[in-house]
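Chemist: Input: one structure, supplied below.
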């Protein structure tokens, strides 16, 4: 897995870490309650974030022409007791867009996904990022990779 990702590193420009709220308040017809977010909630959170970020980067073309960035999203904190959070390698950022605008686009997308905390980190991709985000993966277990978004 790591070797495959390292071979693809030229396609990715940004490394992003997103923190997830550990509990959210849910309102329904029976009242209001606190819901502790779990691993199965993270797929939808990551999908909404990628949709919102695509809209920030590409505008109406994200929906109309299905333009999107390239994502490798990995969930961390499932088996080790850490708070759930997401690591992304993000690529295919348009060459005609200024890279220094990307952190603000990420911030804008985060504000549109209620389950995400404001705390986040955006960096330029470096050679050690794939090793870092795959540290919880093994040859037989890649369940933390959100393949449907990759």
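Chemist: Listing 135, 52 from the residue with the fewest other Cβ atoms within 10 Å to the one with the most, what is the order?
Modeler: Exposure proxy ranking, most exposed first: 135, 52.
Chemist: Starting with the highest mean, order 10-23, 70-83 by the number of other Cβ atoms within 10 Å, averaged over the residues of each peptide.
Modeler: 10-23, 70-83
Chemist: Given Cα positions, please report Rg to Rh for the chain, the hydrodynamic radius being the Kirkwood one.
Modeler: We get a ratio of 0.98 for the chain.
Chemist: With a Förster radius of 35 Å, plug the Cβ-Cβ distance of residue 37 and residue 67 into 1/(1 + (r/R0)^6) and report the FRET value to the nearest 0.05.
Modeler: Computed FRET efficiency for residue 37 and residue 67: 0.75.
Chemist: If you don't mind, there's one more thing I want to ask. Do the sum for the chain: with -39,500 (n - 2.57) for every DSSP H run of n ≥ 4, divided by all residues, what is the mean residue ellipticity at 222 nm, to the nearest 500 deg cm²/dmol?
Modeler: Value at 222 nm, helices only, nearest 500: -8500 deg cm²/dmol.
Chemist: A further question follows. Calculate the spin-label point distance for residue 9 paired with residue 98, positioning each point 7 Å from the Cα along the beta-carbon direction, and give it in nanometres.
Modeler: Going from the residue 98 label point to the residue 9 one covers 2.8 nm.
Chemist: On a C-alpha basis, how far is the centre of segment 1-52 from the centre of segment 75-150 in Å? Whole number, if you could?
Modeler: 9
No value in this document is a laboratory result; all are computed from the given coordinates. As the structure is a prediction and not an experimental result, all values here were calculated from the model. Cβ sites come from the backbone with ideal geometry, for glycine too, and all protein chains shown count toward neighbours.
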